[in-house]
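The block underneath contains the structure these notes are about, expressed in structure tokens.
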Amino acid sequence: MISISPDALVRLVIFLLYVPVILICYWRLIPRLSPVARLLATIMIAAQALAILLSLENQAAHGNRFRFWDLNYENNFPTALASTQLALVSLVAIATAWLARTQPSWRRLYLVGLSLAFLYLAWEEHSEMRRLMFVGKWEIYYIALGLAILAATTIVAIRSSMRSRIWHICLLSGLAVSAAGSFGIEELRYEEVCQSLGLVGARGCHSYHIEESLEFLGIWLILLAMLGQLSELAPRLRRRHCLILYLVPAFTFAALLLTSQYVMRHLSRAVSTQLIQLEYQFQAQPISAEFESDLRLLAFRTEREADTLALWLYASTSSWNAYTGLGYSVQLIDQVTGEPVASVDQIASRKMQWQPGRETWLYKERIALEVPPSRNPLWIVQGIWRGGGGAFVPQRVLSTDRQLQSETRVILGQLETSVD
């Protein structure tokens, strides 16, 4: 008996879904399109194939760790592409209604209605508002909208010529394919069904790639139907109309992609990293202190505000995981009495980190202390501890270029204080 992995089975199913549909469309429908519409349809199906391929390859290589390409998550590359294609359907519909001014008003009104419906779907695909607006009932509203489009398209198809009906059939086929992905394949996610089909892998049920691919294919068939009506009702487009059909989707896709949470997060992290690096290079005071647990203190910076001392520490580890469980201890020690007058313990955080090389992770930590009134100068003393199992074990200082207060604490510098 031949055994096939869930990943390979998903790829096979998607191949068997896409290839026959594409071959039939390029045999029977694509030749009927105008050159502009034909190129646009080809670009969009190629973009879909690329999105699905990147999602499958990313899933195989990274699992669920990198979701920018994943079809199963929102507000990323596939979502931006799906929203753009739905918006393009809306654009083509309204362009057809505008350019086909010799057509009956009922047909142009139908095209305007389609444009508004798919513009809403494009906005919803990007924003995921159905989860908030129609909590627990979004399927009902989607089914109602689909039935409205089905009824309107059927009525228009009956009143249209035989030549035009092929595009209405294509549109209804696209709706059916998308509905099969949105609602039909959802049933495969039940564990017993998914198990029986051989789609259960190490990361759970793999049916969502089939589900999202069907939705993509349905969108393309709907777009193809609208491009067919545009080619029939306005076969010769002016140059500015062609530019609109190409540039509006391009700018829409770029805007949606650049404002996606993944791109914004990486952009924010890149800017933050650059600012930390500049601050580390030009504002911080260098220091060399190596502790147990593979932590090295590289620099520090202090800032006094009224009765508060803000201390920024810049540390490094050779392993991202080595930072887990570490904590910082900072004390203000009276130089005359040797007694601590203020202290704070704080768990290490990875919120401000950067990686200048593969083998090194760097971290910026902010620690604040209340400075009590004192006539004597104070030492700023810093140590490291490791928590775990309810214990907080101080880490020894292995080497440093600064004076030690103890074998686990380094004197960073002096804080001048005065009391009138």
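Figures for the structure shown
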{"item": "Likely footprinting exposure, 84, 252, fewest C-beta neighbours within 10 Å first", "result": "252, 84"}
{"item": "Potential lengthening between residue 139 and residue 404 on full extension [0.36 nm per residue; Cα-Cα distance subtracted]", "result": "88.7 nm"}
{"item": "Interchain or long-range residues, amide H under 5 Å from residue 33's placed H", "result": "none"}
{"item": "Residues whose placed amide H lies under 5 Å from that of residue 298, excluding near-sequence neighbours", "result": "314, 315, 316"}
{"item": "Distant-in-sequence amide H partners of residue 396 (H built 1.01 Å from N, under 5 Å)", "result": "292"}
{"item": "For residue 101, net neighbour charge (Lys/Arg +1, Asp/Glu -1) across residues whose Cβ lies under 13 Å away", "result": "+2"}
{"item": "Residue 57-residue 292 pseudo-label distance in nm [points 7 Å out on the Cα-to-Cβ vector]", "result": "4.7"}
{"item": "Spacing of the two label points (7 Å from each Cα toward its C-beta) at residue 375 and residue 22, in nm", "result": "8.6"}
{"item": "For the stretch 274-415, projected area of the alpha-carbon convex hull averaged over all directions, nm²", "result": "8.8"}
{"item": "Rounded to whole Hz, the Karplus (6.51, -1.76, 1.60) HN-Hα couplings of the stretch 401-407, x for glycine and proline", "result": "9, 10, 6, 9, 8, 7, 5"}
{"item": "Loop trypsin sites (Lys or Arg not before Pro), the stretch 217-293, which have at most 16 other Cβ atoms in a 10 Å radius of their Cβ (DSSP)", "result": "236, 238"}
{"item": "For residue 53, net neighbour charge (Lys/Arg +1, Asp/Glu -1) across residues whose Cβ lies under 14 Å away", "result": "-3"}
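Just so you know, all these numbers are worked out from the coordinates, no wet-lab data involved. Computed from a predicted structure; not experimentally measured. Neighbour counts are summed over all protein chains in view; Cβ atoms, including those assigned to glycine, are modelled from backbone coordinates with ideal geometry.
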